[in-house]
Ligand SMILES: Cc1cc2nc3c(=O)[nH]c(=O)nc-3n(C[C@H](O)[C@H](O)[C@H](O)COP(=O)(O)OP(=O)(O)OC[C@H]3O[C@@H](n4cnc5c(N)ncnc54)[C@H](O)[C@@H]3O)c2cc1C
């Protein structure tokens, strides 16, 4: 039909000039946007985990936060922050060196939301039963909106245990770190009530092997803990370089030591560390990561001289925990998008979510997501109960195991969820490309996969009781499923043989993670979830991709439990 001809009588009748435009088609068989829903109320597994792991008292607060995280306007902030990458300026227009990174206002709004809700502070400011669990639940929801700004939130949160190792520094910094407001101004910390903290360990010649660091620290007067030094060297990765201070590793005569390096000197002059350029990252793009040179930057020693790694490892343990939350969150959001889409989309005469093969894929994705959450929240409870020996030992082993496993499972999960959505899942106005690009980052930073497996072995070697704690905890599910019992016995047996253990470390760590996830699901989740997890993860089915749940499992129940209902 000629586009300028009037429309036939039976077509929709536009008014005015539109009546001369052809109506090409109706839009149908497309899902409504997944927005304006409550990320807490629409996540049964999360609600159960919060109650189970000791944070039931936070339910009201989490409901409120869930509504905020699912609001259209909040979701929009995530898109805008990522469409507008940070911009680095070395100098101002008069030629002064400023090392200023400018972020989009949406990034700042996300930072404000996070800090006003205590994502960087609450378990330290108000410790006690359920504090880490409640904070993890909030972080889990917030990270589903936008993950990259969570990097400085995590580092600020994680810095507290390390900084507390130097009480006189903690006395100056802690109150400002824990303040629940966000102040992005580039001013000396003495002029601010709220600060953010970054970390600078990695150098060009070595990231995992920080002992290869060449940055040197020179005492300005007296040497030792709490004393002032000047740092000379470089850092190959410094994320969130607009933080107010950084924990930095540098060498003294006694070896690698940890330092707190502020942006500004106490006299109000700019501390001489300079950003060379921003990293051109494939993921985590709303947040800046930089390369920097330290040109006599003033810094104060934190913890014992020559004990930099044990000092900063307190921070790293917390950032690794947050990687687990972040990757669990990525999987939750990916599943929610995929399942929501398939619920509203039909092909070949039926809803996608009701077609057997798609049900198998969706249910498998839901299992992975719930297992990751259950594991993460159990570790959160351990963090709340470090005074108990079992919990201390459990957290020591469960953190590298979980950081490795959960982060490692996320990229393929994101890709598979994207494929459930089909071509529209590849488009940048869908969150899936962002989730996919984000997904490898958690696995690589804060200790990559092999490094986590080696840390697991280190924990076993230094404190063999950690393995007993892990097995004792997992064995609480013994007797509830024969597949689980066989898996547990085989794994315990395999740990008896330590020949070749480094070569086999991934295999052992994989199975530790699966064992704990299965145990948690058997003890706490829906029967359909636990049964399908054991059937697909603890027994060999010959298939390696998602969509490999064997016959006899109940995908409809698993999908229903996990799918958010909107509207
Ligand atoms: C987006 C982004 C932001 C970052 N931000 C920061 C930051 O703010 N501050 C900071 O300090 N760092 C930061 N990093 C650096 C990050 O922590 C390192 O990249 C990471 O620790 C790995 O170090 P590397 O890149 O030097 O790799 P390498 O240490 O060279 O490791 C390469 C590979 O070898 C493996 N490997 C290492 N040792 C062994 C071994 N003994 N046996 C078997 N395999 C081994 C590792 O697992 C890894 O897979 C960031 C990285 C990224 C990607």
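Readers should treat all values here as calculations from the given coordinates under stated rules, not as data from a laboratory. From a predicted model like this one, the values you see are computed outputs, not experimental measurements. Backbone-built Cβ (ideal geometry, glycine too); neighbour counts: all protein chains shown.
On the principal axes of its alpha carbon atoms, segment 325-439 extends 57, 27, 17 Å, with the longest extent given first. FRET efficiency for the pair residue 92 and residue 424, taken as 1/(1 + (r/R0)^6) with r the Cβ-Cβ distance and R0 = 60 Å, rounds to 0.85.
The residues 191, 314, when put in order of fewest to most other Cβ atoms within 10 Å, stand as 191, 314.
Geometric descriptor of segment 380-476, per residue, is 118 Å³ (volume of the convex hull of the Cα atoms). Computed over segment 120-189, the P(r) tail beyond 14 angstrom holds 65 percent of alpha carbon pairs.
For segment 497-546, the orientation-averaged shadow of the C-alpha convex hull comes to 4.4 nm² (one quarter of the hull surface).
For segment 204-353, the calculated P(r) over all alpha carbon pairs, in 10 Å bins from 0 to the bin holding the longest distance, is 10, 31, 28, 12, 8, 7, 3, 0 percent.
Directionally averaged projected area (segment 281-387, Cα convex hull): 11.4 nm². Treating r as the C-beta distance of residue 280 and residue 100 and R0 as 25 Å, the FRET efficiency rounds to 0.85. With the alpha-carbon atoms of segment 68-199 aligned to their principal axes, the span from lowest to highest coordinate is 52, 43, 20 Å, starting with the largest.
Between residue 495 and residue 35, the distance separating the two model label sites (each 7 Å from Cα on the Cα→Cβ line) works out to 4.8 nm. Each of 342, 150, 430 was scored by other Cβ atoms within 10 Å of its Cβ. Listed from fewest to most, they are 430, 342, 150.
Please arrange 275, 197, 406 by counting, for each residue, the other beta carbons lying within 10 Å of its beta carbon, fewest first. Don't jump to the answer; show the numbers that get you there.
Values: 275 22, 197 26, 406 29.
Neighbour counts put them in this order, fewest first: 275, 197, 406.
Using only the Cα atoms of segment 208-270, build the gyration tensor, take square roots of its eigenvalues as a ≥ b ≥ c, and label the shape rounded, prolate or oblate: rounded if a/c is under 1.5, else prolate if a/b is larger than b/c, else oblate. Taking the square roots of the gyration eigenvalues as a ≥ b ≥ c, segment 208-270 is oblate.
Report Rg/Rh for the chain, rounded to two decimals, where Rg is the Cα radius of gyration and Rh the Kirkwood radius. Write down the numbers at each step before the final one.
Details: Rg = 25.3 Å, Rh = 25.0 Å.
Rounded to two decimals, Rg/Rh equals 1.01.
According to a simple spin-label model (label point 7 Å from Cα along Cα-to-Cβ), what is the distance in nm between residue 171 and residue 351? With each label point 7 Å from Cα toward Cβ, the separation is 6.3 nm. Pairwise Cα distances in segment 456-508 exceed 15 Å in 51 percent of cases.
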